[in-house]
Amino acid sequence: MIAFISRLFTLFITFSITLFILLLLILGEPIEENWRFLWEDLVSPNQVPIIVIMLAIFLALSFIIASWMGISLKLKESITTRYVRKIAEPNFSQTIGKSNSSLNKAMRVANELIETQRASLQRLATEKVQTNDAIVQERLLAERQRLARELHDSVSQQLFAASMLLSALTEQEQDEKSQKQLGQVEKVVQQAQLEMRALLLHLRPVALHNKTLAEGLEDLILELQEKVYFNIDYQIEEISLSKTEEDHLFRIAQEALSNTLRHAKANEVELLFIARDQLAILRIQDNGLGFDIDGDGDKTSSYGLRNIAERAVEIGCTYKIVSVPNEGTIVEVKVPLKMEVSLQKEEQEND
């Protein structure tokens, strides 16, 4: 209201000064003889002096113009407020039109700045999450390796010592009952050792470390052969795969061998990694207890098989898990090879 009165008063004074200047130019020096008609001449029907009519007209014009200016400013303020409230919305620049007015230009600049800041914040947030995940994974790996070392240096060594003592006792002369009981205890300890080695394989998985998949699989098998009581046959070929495919296949082999150690009670395991018919085939087969795939089964085993399936799907492989109770289990993964890899394999076979 104060702004309206101020504009009204300013306009009225401006019109009055303008009229005075015009009369001064037209009538000359403001003396009574020249200016008398302004208040002596009356305008019908109300007999109002000319000067009063002029001032009334100026007041009315000032009121109209002041009102128009107020409405215009209110409208512009409303539009600006609406734009400011929406300026942070995505794609806001598409709604402000293509006008070259200073307001629209300022709005576009502000919107571009906000979009840039939004993208920067999103990138920083993503980087922060990735960094936090990397830190968590690094700490988790370090903790798992610490637990693996402690288990290896304490429980695993104690189990090994107990196994040696039991083996020595079973070789001594004992009555039939004691011999049978010692044999059962020895089997329990040996199974506990297998469980411990499988657990260590989970806690401290061997990485490829710049080796090919074939080299990594061979090292893994040679390491296991020194620690397990059953035979592991293998046939491994050098096959060119991507780093991601090699890593996932290596983890699948670790998971399958770990399941065999913990659950299968097998005495023979066969591992194949070969290229046939434009496919890289990884197959792990044992002659252990097997299980019913459609049944509930062991939760730990089911978790391991789910990991195998998820890793196979991630690299676009086909996988097959076949198990027959009391006959064994087969885990097979097939990776499509690139054409040049298949040609190289055929040339090597022809040579």
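Go through S67, S99 for me and flag whichever is open to solvent by less than 60 Å² (accessible area, probe 1.4 Å) and at pLDDT below 75. Going through S67, S99 in turn, the sole match is S99. Looking across region 219-250, the residues that are crowded, with 18+ Cβ neighbours inside 10 Å and within 20 Å of T318 (Cβ to Cβ) come down to I239, L241, E245, E246, H248, L249, F250.
Listed by first and then second residue, the pairs with beta-carbon distance under 6 Å, at least 6 apart or on different chains, first residue in region 305-318 and within 15 Å of S258 (Cα to Cα), second acidic (D, E), are N307/E255; I308/E255.
Within region 286-299, residues that are closer than 8 Å to A264 by Cα and open to solvent by less than 70 Å² (accessible area, probe 1.4 Å) sit with their Cβ atoms under 9 Å from residues that are at pLDDT below 85 and of a type in the set (K, R), at 6+ positions apart or across chains, in these pairs: G288/K265. Scanning region 196-236 for residues that are at pLDDT 70 or above, assigned to a helix (DSSP H, G or I) and not hydrophobic (A, V, I, L, M, F, W, C) yields a count of 6. Checked against the criteria, F250 does not count as touching a Gly at 6+ places or on another chain (Cβ under 7 Å) and at pLDDT below 85.
The residues in region 313-325 that are loosely packed, with under 13 Cβ neighbours inside 10 Å and either over 16 Å from R283 (Cβ atoms) or touching a helix residue (DSSP H, G or I) at 6+ places or on another chain (Cβ under 8 Å) (or both) can be counted, and the count is 5. The residue pairs whose first member lies in region 326-351 and is open to solvent by less than 100 Å² (accessible area, probe 1.4 Å), whose second member is modelled with pLDDT of 90 or more and aromatic (F, W, Y), and whose beta carbons are closer than 6 Å, counting only pairs six or more residues apart or on different chains, are V333/Y319.
The values are calculated or read from the model by the stated rules, or taken from the named source; none is laboratory data. Predicted, not measured: the structure shown is a model, and the values here were computed from it. Don't worry about glycine lacking a Cβ; one is built from the backbone with ideal geometry, like all the others, and counts go over all protein chains shown. All accessible areas refer to the heavy atoms of the entire protein, side chains included, with ligands and DNA or RNA removed. Shrake-Rupley method; radii C 1.70, N 1.55, O 1.52, S 1.80 Å.
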